[in-house]
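Student: Here you go, one structure.
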Amino acid sequence: MAPNISIPTGVLHENDDEVIAKIIPPEVVKPSERKLQLVWKNIILFAYLHIAGVYGLYLMFTSAKILTSILAIILYQLSGLGVTAGAHRLWAHRSYKANVPLRLILTVFNTLAFENSVIEWSRDHRVHHKFSETDADPHNAKRGFFFSHVGWLLCRKHPDVKSKGKGIDMSDLYEDPILVFQDRYYMILMPLTCFVLPTLAPMYLWNETFRNAFCVNIFRYILTLNSTWLVNSAAHIYGHKPYDRYINPSENLTVSLLALGEGWHNYHHTFPWDYKTSELGKYSVNFSAAFIDFFAKIGWAYELKTVSEEMIRKRVERTGDGTHEVWGWGDKD
Ligand code: ST9
Ligand code: ZN
Ligand code: ZN
């Protein structure tokens, strides 16, 4: 039976592993057996969504109106920001603060993305960083590309995720009434925001057919999903490690392009509190950083956390794989 361990931080720091090793008794960390309990409801749902989504992509090039496709691309970006600038950088890592209007906007964008409520998403993500690539990591990349990409959503979680996850402090998110509201009414808000409204809008605003409006929106949804999942799979497997060669997360340009700047994953796992999740110049393949910077300019986002050049340089020298200078990771644009 695992003890109820309280790890007193929602914000993750460089030496967390050492702290955890001291807090958690060794017997709790013992490798346990992996019993695969498939969740057929999810397997059928995701299979259906992917078939409908691919058909939606076909319709975009054949019968859908151009406005329907433009809307899908815009919603992909907005829902993506709800995950990157919202669930990930603002809430899971607290890498900056946001006023009420911005938190409301990000909550709407996040609900459009249907990646579970911010509270549930952040709990899994904090567990992912704390226990990265162990059985307690919900999408442990050591179990292969498929498991870390989507497989983890198709089966019951490993018992270590639940036992060790209990120690994650989530009180900061439960103090935000916007997030509590989203979590409580998720099963009403999510279907309306992610599926119903984006299907009805093209039908009523420019006379799109139901089939085109529905399937193109499903394509938009699975595009955001797969772009997000690639951070857990591809960016934990492929790419350079200029900041820490001892971990698997890597710098991956393709993932960054698809995931609005979230593919710079070696940097992110090394310095998880940086609101940019990368060292790169603000706007080069990091739309999410540009978005946060814009709101910082108008005063809606504030207390943006970052990492000093000195700290990065020291870390690169100490643990980097030697590609930092070769690839110009530190260049400003
Ligand atoms: C989706 C999420 O796709 C994707 C997240 C990706 C994260 C990526 C991060 C990378 C960085 C950011 C990049 C962004 C890029 C964006 C680009 C955009 C262009 N700690 O979960 P349950 C306990 S979602 C502590 O049901 P099962 C807890 O007591 C897709 N405790 O486990 C819980 O009860 P409660 C749509 C935990 O039964 C209880 O266990 N959503 C933790 O094993 C049961 O929890 C879906 O399809 C924890 N971490 O089921 C839904 N976890 O919650 C999919 C659990 O009441 N999910 N507990 O406290 C499910 O159906 C289920 O979760 C399951 C596991 C079948 C997978
Ligand atoms: Zn990761
Ligand atoms: Zn993170």
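Student: What's the ranking of 100-106, 118-124 by average number of surrounding C-beta atoms within 10 Å, highest first?
Tutor: Final packing ranking: 118-124, 100-106.
Student: For segment 70-147 and segment 197-219, what is the centre-to-centre distance using only Cα atoms, to the nearest Å?
Tutor: 26
Student: In whole percent, and with a 1.4 Å probe on the protein chains, what portion of the accessible area of segment 35-326 is carbon and sulfur?
Tutor: 67
Student: Jot down the radius of gyration and Dmax of the chain, Cα atoms only, both in angstrom.
Tutor: For the chain, the Cα radius of gyration and maximum Cα-Cα distance read 20.0, 62 Å.
Student: As a quick test, which of the pairs K166/K305; K65/K276; K162/K241; K166/K276 have an alpha carbon distance above 32 angstrom in this structure? Mind dumping the intermediate values first?
Tutor: Working: K166/K305 27 Å; K65/K276 36 Å; K162/K241 30 Å; K166/K276 28 Å.
Result: K65/K276 exceed 32 Å.
Student: What percent does the relative contact order of segment 113-240 come to when contacts are Cα pairs within less than 8 Å and at least six residues apart? Working shown, then result.
Tutor: Values: 115 pairs, mean separation 38.7, N = 128.
In percent, rounded to a whole number, it is 30.
Student: I want to check the label-to-label distance for E120 and F46. Put each point 7 Å from Cα in the C-beta direction and report it in nm to one decimal.
Tutor: 1.4
Student: May I ask for the net charge around Y238, where only other residues with Cβ less than 14 Å from the Cβ of Y238 are counted and Lys, Arg are +1 while Asp, Glu are -1?
Tutor: Cβ neighbours under 14 Å give a net charge of -1.
Student: On a 0 to 90 degree scale, rounded to 10, what angle separates helix 210-232 from the longest Cα axis of the chain?
Tutor: With rounding to tens, the tilt is 10 degrees.
The values are calculated or read from the model by the stated rules, or taken from the named source; none is laboratory data. Quick caveat: nothing in here was measured; it's all calculated off a predicted structure. For neighbour counting, all protein chains shown are included, and Cβ atoms are generated from backbone atoms with ideal geometry for every residue, glycine included. Heavy atoms of the whole protein, side chains included, go into the accessibility calculation; ligands, DNA and RNA do not. Shrake-Rupley method; radii C 1.70, N 1.55, O 1.52, S 1.80 Å.
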